[in-house]
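These notes are about the structure you will find just below.
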Amino acid sequence: MIQINLSNLNDFEKEIYNKLLKYSKENPPFRIKDAAEVCDCSVSKISKYVKKLGFRNYKQYISFLYGEELENENQSDELDRLKKFINDFDTSMVDEFIELLDNHQKIVLFGYGPSGAITEYFEYKLRTCSDNFVISLLDETSLLSVIDDNTLLVIFTATGTFRSFEPIYKKAKKQGANVAIVVEEYNTRLFNQCDRIFWLSKFNQPDYLEPYQKTRTIFFIFMEEVINKIILSEKNIKQEDK
């Protein structure tokens, strides 16, 4: 991300900015030597001006002047991964997840570690837009004390490899609950640990990261889309009833 801050420039550097901006509108891309001649200063002064303005080098500055796409060599792999995820986002999963929520009176959210921590936020957001009873729980004892045959247990996990959910699944089924797993990375071992799987991404995080070190950003994107669609649906219903 490039941050251009003209307030960092002194009066002479602001003159350079205005001169080169005007020059670029009347001429093709030019070398740093040409820029120095236009501004009647040294090449080194132009180089310092460019970096002070917020650009990595003169080449990047020229790309900015001529409206070309700026390269960002420092962009993280995670941002690239999230771009791919968003471009590949399957909106049908949002509809299917909402339908599953609507078919149950009680929604229990669960996960281990960081995945469990984010369920508290999802509990709050779902409560603001749904008539369902929604609760997030962080321990198995509390979990099993509240589920019944009207319950949908939603388990969040980045990889499904930290700990097996099979014991929880079997106990939940005995109490009549349905179990869905929302997982980021594809994991066939989860198939016998739930009734329904929502596999969110084809683009995995690096293998050198431990499960607890991996980001949960994709969960937030998915759940915010779910919540937003519920809100819009309720809004449309109210408008139709007027």
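The values are calculated or read from the model by the stated rules, or taken from the named source; none is laboratory data. Values in this document were obtained by computation on a predicted structure and should not be read as measured data. Cβ placement follows ideal geometry from the backbone for every residue including glycine, while neighbour counts extend to all protein chains displayed. The accessibility values were calculated without ligands, DNA or RNA, using every heavy atom of the protein model including side chains. Shrake-Rupley method; radii C 1.70, N 1.55, O 1.52, S 1.80 Å.
Some points to look at:
- Per-residue accessible area (protein heavy atoms, 1.4 Å probe) orders 79, 190 as 79, 190, starting from the largest.
- Candidates 15, 224, 96: whichever shows maximal mean-square fluctuation once the chain is modelled as a Gaussian network with Cα springs under 10 Å: 15
- Cα centre as origin, Lys/Arg/Asp/Glu Cβ charges: the chain dipole, Debye: 640 debye
- Sum of side-chain charges, residue 115 neighbourhood, beta-carbon under 15 Å (Lys, Arg +1; Asp, Glu -1): -4
- In the assembled protein chains, residue 207 presents an accessible area of approximately 140 Å² (probe radius 1.4 Å).
- Nearest-10 value in Å² for the accessible area of residue 64, using the 1.4 Å probe: 60 Å²
- Remark: the Cα gyration tensor places the stretch 11-66 in the rounded category, a/c being less than 1.5.
- Stretchable slack from residue 149 to residue 133, in nm (0.36 nm times residue separation minus alpha-carbon distance): 4.4 nm
- Degrees between helix 11-26 axis and first principal axis of the chain (Cα, 0 to 90, nearest 10): 90 degrees
- Computed over neighbours whose Cβ is under 10 Å from that of residue 204, the net charge equals 0, Lys and Arg +1, Asp and Glu -1.
- Accessible surface ranking for 223, 93, 1.4 angstrom probe, highest first: 93, 223.
- Most mobile listed residue (58, 112, 169) in the chain, GNM with C-alpha springs under 10 Å: 58
- Candidate lysines for bridging to residue 84, where Cα separation is under 18 Å - those fewer than 8 sequence places away on the same chain excluded: 202, 214
- Site pair residue 225 and residue 102 shows an inter-label distance of 1.8 nm when each label is modelled 7 Å from Cα along Cα→Cβ.
- Degrees between helix 217-241 axis and first principal axis of the chain (Cα, 0 to 90, nearest 10): 70 degrees
- Listed peptides 136-145, 20-29 appear in the order 136-145, 20-29 once ranked by packing, highest mean of other Cβ atoms within 10 Å at the front.
- In the chain, the DSSP-assigned H stretches of four residues or longer account for a calculated mean residue ellipticity at 222 nm of -16000 deg cm²/dmol, using -39500 (n - 2.57) per stretch and the full residue count as denominator.
- Rounded to the nearest 10 degrees, the angle from helix 77-87 to the longest Cα principal axis of the chain is 70 degrees.
- Pairwise FRET efficiency - residue 22 versus residue 207, Cβ, R0 = 45 Å, nearest 0.05: 0.30
- For log10 I(q)/I(0) by the Debye sum over Cα atoms at q = 0.13, 0.15, 0.17, 0.18 Å⁻¹, the candidate list reads (1) -0.78, -1.04, -1.33, -1.48; (2) -0.80, -0.95, -1.15, -1.27; (3) -0.87, -1.09, -1.28, -1.36; the entry that matches the value derived from this model is (2).
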